[in-house]
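Structure first, commentary second.
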């Protein structure tokens, strides 16, 4: 047997045992991610989430109020005043976003404050399982995220919000309330008072200036365009802060 042939045999054996070892001992976090019926990977383990943050610190989830303490919060799905008419968030629900989204939103708040206006957050991070529940009732991709794709809310880079007057703390007139499933909520709907259109435009232009995009069927919904860089999450709020 020639030396060359012996080397080839040894390399083949090495490759065989390497494959066998990898099959026998998968990565520690492999059981912490569910591949669901849609073929999507959804993180449901704090351990796995922590590993993603360790490898990429910008994936950290933080309460937006850490960067913008005065921001108003009224998480609609933490109560029953929503289109589902029931509480969807359990435990201590807080306005969580990935670090880049939270940083950008804090910049929006600072800019609006100079005009005597502030932000009120209606929704931010949303567990994937809640998106599935919403889809059961509203199977319309204009107004509810299809779970076969997931939502920017599940990735921590989408936020639902409105504008408020800093002095009175009252919401500005935006033409509709939250989760209004009609054409009136669309971005291209113009049969509205001039003041309402101006309020919507102020919100949109300020959010876009700081990197967000608006969902054209919901004037209140904004997201970072690079959403797929962030994993889908199905973790409780208290597991993320």
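Restricting attention to region 201-222, which residues are surrounded by 21 or more Cβ atoms within 10 Å (Cβ to Cβ) and either touching a helix residue (DSSP H, G or I) at 6+ places or on another chain (Cβ under 6 Å) or closer than 14 Å to residue 174 by Cβ (or both)?
203, 207, 219, 220, 221, 222
Among the residues of region 164-205, count how many are part of a helix (DSSP H, G or I), farther than 24 Å from residue 145 by Cβ and in contact (Cβ under 8 Å) with a residue 40 or more places away in the chain.
Summing the residues that are part of a helix (DSSP H, G or I), farther than 24 Å from residue 145 by Cβ and in contact (Cβ under 8 Å) with a residue 40 or more places away in the chain in region 164-205 gives 1.
Of the conditions (1) surrounded by 17 or more Cβ atoms within 10 Å (Cβ to Cβ); (2) under 16 Å from the mean Cα position of the chain (by Cα), residue 146 clears all except one; give me its number.
Result: residue 146 fails condition (1) only.
Can you tell me which condition residue 54 does not meet? The list is (1) modelled with pLDDT of 95 or more; (2) out of contact with any helix residue (DSSP H, G or I) (no Cβ under 6 Å at 6 or more places or on another chain); (3) closer than 23 Å to residue 145 by Cα, and all the others hold.
It is condition (3) that residue 54 fails.
Residue 139 fails exactly one of the following numbered conditions: (1) buried (at least 20 other Cβ atoms within 10 Å of the Cβ); (2) in a loop (DSSP other than H, G, I, E, B). What is the number of that condition?
Only one criterion is unmet by residue 139, namely (1).
Which residue out of 106, 93, 124, 102 is farther than 20 Å from residue 238 by Cβ and either surrounded by 16 or more Cβ atoms within 10 Å (Cβ to Cβ) or over 16 Å from the mean Cα position of the chain (by Cα) (or both)?
Values: 93 fails: farther than 20 Å from residue 238 by Cβ; 124 fails: farther than 20 Å from residue 238 by Cβ; 102 fails: farther than 20 Å from residue 238 by Cβ.
Criteria check complete, one pass: 106.
Take the residues in region 32-51 that are touching a helix residue (DSSP H, G or I) at 6+ places or on another chain (Cβ under 9 Å) and assigned to a helix (DSSP H, G or I), then tell me which one is surrounded by the fewest Cβ atoms within 10 Å (Cβ to Cβ).
My answer is 47.
Would you call residue 111 assigned to a helix (DSSP H, G or I) and surrounded by fewer than 22 Cβ atoms within 10 Å (Cβ to Cβ)?
Values: assigned to a helix (DSSP H, G or I): yes; surrounded by fewer than 22 Cβ atoms within 10 Å (Cβ to Cβ): yes.
It is true that residue 111 is assigned to a helix (DSSP H, G or I) and surrounded by fewer than 22 Cβ atoms within 10 Å (Cβ to Cβ).
The values are calculated or read from the model by the stated rules, or taken from the named source; none is laboratory data. What you see is a predicted model; the values in this text were computed from it and never measured. Don't worry about glycine lacking a Cβ; one is built from the backbone with ideal geometry, like all the others, and counts go over all protein chains shown.
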